[in-house]
Amino acid sequence: MSAKRQPPLYSNPAPVTAGRHNSMRLLPAYSFGYAREVTSLPLTAVEFQTASRCYPIVFTPQAPMSPVCIVGIKDSGNLFIDQAGQWRPSAYIPAYIRRYPFLLMSDPESKRMVLGVEESSGRLSEDRGDKLFENRQPTPFLNEALTFCADFNRQWEDSLAMLRAFQDAGILVEDDREIELGETQSLKLGGFLIVDEQRLSEVSEGVFLAWREKGWLAPLYAHLASKHNWADLAQAARLAG
């Protein structure tokens, strides 16, 4: 039997329990080196407006169709992390990164969604950092982590619902984009979806108003605006190469 596929950046998260983690603390994120190799990251719709200032935002066609921000091109790795493992100071850090090493996960025993932690993150310590438990009870720090992860999951489900609505309306198309990496080198990108502006203009008024009621217009237009970040990303790839 194949191992369960884990979300990006996670390899084998474990449920957070007093029995397993009562003496553990969490160190601050001194480095984002763990995300150095990724070229895209999950992004919720509520983040689109802020993230669109830095990253191209696209949608993966694989089920479930998902929104991601592009942080690198082909083999470049994450172009927003420097050699010291620091995120580019002026760039927005996605919530997916900020929740790490925590996440909500299905507990095999109870079959419920519980708070999990990536134990191989290098952030767990017995003598430094924020305590996870005090007298075997969750600390305020751990409860805040749970709240953050629960909010992220709700926002993620809302984002997937938004994409399903866009797909049903027929406004998503595959985007094949050519990125200039140098005077004699270019890279053909594909395999992701974007909103087609012509098809968007043909959406019925009723559907458009329904999207407005759900708060989906702001992320939709932020997605469209984010395409201007491809040039900056290509420039960063040229400098890194």
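In the chain, the longest principal axis of the Cα atoms and the axis of helix 140-168 are about 30 degrees apart. Residues considered: Phe59, Phe141, Phe48. Largest GNM mean-square fluctuation over the chain, using C-alpha springs under 10 Å, is found at Phe141. Across all directions, the shadow cast by the convex hull of the chain built on its C-alpha atoms averages 15.7 square nanometres.
Measuring gaps between exposed loop sites in the chain (GluC sites (Glu not before Pro); DSSP loop; at most 16 other Cβ atoms within 10 Å), the longest gap, sites not included, is 38-108. For Thr147, the accessible surface of its heavy atoms amounts to roughly 80 Å² (probe 1.4 Å, protein chains only, rounded to the nearest 10).
Close lysine pairs were tallied over the chain: pairs 8 or more places apart or on different chains with Cα atoms under 18 Å apart number 4. Val114 sits with roughly 30 Å² accessible to a 1.4 Å probe, with DNA, RNA and ligands left out of the calculation.
For the chain, the mean residue ellipticity at 222 nm estimated from helices alone is -9000 deg cm²/dmol, where every DSSP H run of n ≥ 4 contributes -39500 (n - 2.57) and the total is divided by all residues, rounded to the nearest 500. Considering all alpha-carbon pairs of the range 110-237, what whole percent are spaced by more than 27 angstrom? That tail contains 50 percent of the Cα-Cα pairs. For the chain, build the charge dipole from Cβ charges (+1 Lys, Arg; -1 Asp, Glu) around the Cα centre, then report which of Asn12, Leu224, Ser40 sits farthest towards its positive end. Final value for the positive-end residue is Asn12.
At a probe radius of 1.4 angstrom, the accessible area of the chain per residue rounds to 55 square angstrom.
What does the charge count around Leu9 come to, taking other residues whose C-beta lies under 14 Å from its C-beta (Lys +1, Arg +1, Asp -1, Glu -1)?
+2
The values are calculated or read from the model by the stated rules, or taken from the named source; none is laboratory data. Because the structure is predicted, anything quoted here is derived from the model rather than measured. Because the Cβ atoms are built from the backbone with ideal geometry, glycine has one as well, and the counts that use them run over all protein chains shown. Areas reflect the complete protein model, heavy atoms only, side chains present, ligands, DNA and RNA absent. Shrake-Rupley method; radii C 1.70, N 1.55, O 1.52, S 1.80 Å.
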